[in-house]
Every structure is written in C-alpha cells, then in structure tokens.
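Please read the structure below before turning to the comments.
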Ligand SMILES: [Zn+2]
C-alpha cells in the first residue's frame with residue numbers, strides 16, 4: 001500500500017481524480033465511511049477551529065440511521081460524496097447491483113462525487129459510474145484505520161505529503177478513531193502553519 005499514489009498510476013487512469021489541479025496552497029481533506037455519531041461531531045468541531053472545509057464520502061446505510069449528521073455536515077459548509085450504501089466490494093457485486101446500491105445512497109446525498117470503497121471498482125462498473133459521477137480517489141492515504149500504525153506514524157504520513165492540490169484521506173469511523181483523533185488536529189495545525197488552507201472538492 002502506497003501512502004502517496006505514484007504519478008504513473010495517476011496518469012494511467014484519466015477520468016479519475018487523484019489530485020486537484022491547483023497551484024495555490026490548498027489541500028483537500030476527505031473523510032470516508034461516516035457519518036458516525038460522536039466521531040463526525042469531533043471532526044466537524046476540529047475543522048471549525050480553522051474554518052477548514054472538507055468532503056465527506058459517506059455510506060448510505062449510516063446516513064439512513066443518522067440523517068441529522070448529514071444535515072450538520074452540509075450546514076457547516078462541507079460537501080458530501082457517495083461511498084455506496086453498504087461499503088460494497090466492487091469485485092464481488094455485478095454492475096446492476098452496484099448501481100442500485102449507489103442510487104439508494106444518492107437519494108439522500110444528491111451528489112455528483114463518488115469514491116469507491118477500497119478504491120476499487122470493476123471496469124464495467126467504472127464505465128457506468130463515470131457517466132453519472134466524478135470518481136475521486138486520493139493523493140495521500142493516512143491509513144488511520146490500521147492498527148499497524150501508531151497515531152504519530154499516521155500524522156507523519158499526512159504532514160510528510162502536503163503539496164498544492166493534494167487530496168488526503170481520513171476515516172470517520174470507530175476503527176480509525178484512535179489514530180484519527182490524534183492525527184487530525186495536529187495535521188490541521190501543521191497545514192495552516194505552513195500557509196495552506198483546506199477546501200471542499202470542486
Ligand atoms: Zn470506505
């Protein structure tokens with residue numbers, strides 16, 4: 001697993017967004033797998049301290065349970081992306097079922113941004129999805145969900161890779177909370193001290 005996706009791989013996958021084309025000091029924080037009660041609020045409060053904006057790639061099944069968190073994310077000026085209803089593994093599901101699962105989530109999200117769980121979809125699924133959505137992957141993955149890494153290591157993966165236009169992934173989930181809750185406030189402090197600001201995906 002790469003922390004930073006190699007340039008060659010990014011060039012070989014046109015139509016997929018790996019970073020934002022910008023030359024000013026802006027980065028794009030993203031939070032996958034939420035909303036999660038207690039954790040989403042922590043993220044929102046932390047972002048608010050810097051007036052930082054982010055994009056939340058949410059799961060439809062969580063949004064159905066916690067619609068007030070979706071409203072809160074949007075009310076605070078962030079964006080929502082579709083991360084499927086059930087965190088599908090694209091390689092285990094046919095295109096028809098994948099699109100139905102996406103459609104169910106998008107009844108709530110009404111977004112044109114999409115991030116496939118595990119960063120993977122089948123070729124046929126990709127063709128269908130790209131007709132309707134912008135597919136957003138990432139430049140830098142914090143691996144906050146992994147117990148193999150300490151909170152300090154997760155922080156360094158992010159602060160070591162801050163460049164204009166980079167898209168950074170954290171997780172809005174119980175599994176990632178210990179690492180994310182340590183790394184996110186410190187990463188934001190670092191990002192803003194370096195003169196960068198955080199924005200929603202365009
Ligand atoms: Zn995910």
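None of the figures in this text is laboratory data; all of them are computed from the coordinates on show. This is a predicted model, so every value here is computed, not measured. Note: ideal-geometry Cβ built from the backbone for every residue, glycine included; neighbour counts use all protein chains shown.
Between residue 124 and residue 21, the C-beta separation translates, for a Förster distance of 30 Å, into a calculated FRET efficiency of about 0.60.
The relative contact order of the range 7-198, computed from alpha carbon pairs under 8 Å that lie at least 6 residues apart in sequence, is 31 percent.
Computed over the alpha-carbon atoms, the range 7-198 gives an Rg to Rh ratio of 0.95, Rh here being the Kirkwood radius from the mean inverse distance.
Could you tell me which of rounded, prolate or oblate describes the range 61-138, using a ≥ b ≥ c as the square roots of the eigenvalues of the alpha-carbon gyration tensor, with rounded for a/c under 1.5 and, failing that, prolate when a/b is larger than b/c and oblate otherwise? Walk me through the intermediate numbers first.
On the way: a/c = 2.15, a/b = 1.69, b/c = 1.27.
Prolate, because a/c is 1.5 or more and a/b exceeds b/c.
Compactness of the range 137-202 was expressed as the Cα radius of gyration divided by 2.2 N^0.38 Å, which yields 1.05.
Packing order of peptides 81-88, 54-61, 123-130, highest average first: 54-61, 81-88, 123-130 (average count of other Cβ atoms within 10 Å over each peptide's residues).
Helical content of the chain, expressed as a calculated mean residue ellipticity at 222 nm, amounts to -12000 deg cm²/dmol (DSSP H runs of 4 or more residues, -39,500 (n - 2.57) each, divided by residue number, nearest 500).
How far is the Cα center of the range 156-195 from the Cα center of the range 25-92, in Å? That distance is 15 Å.
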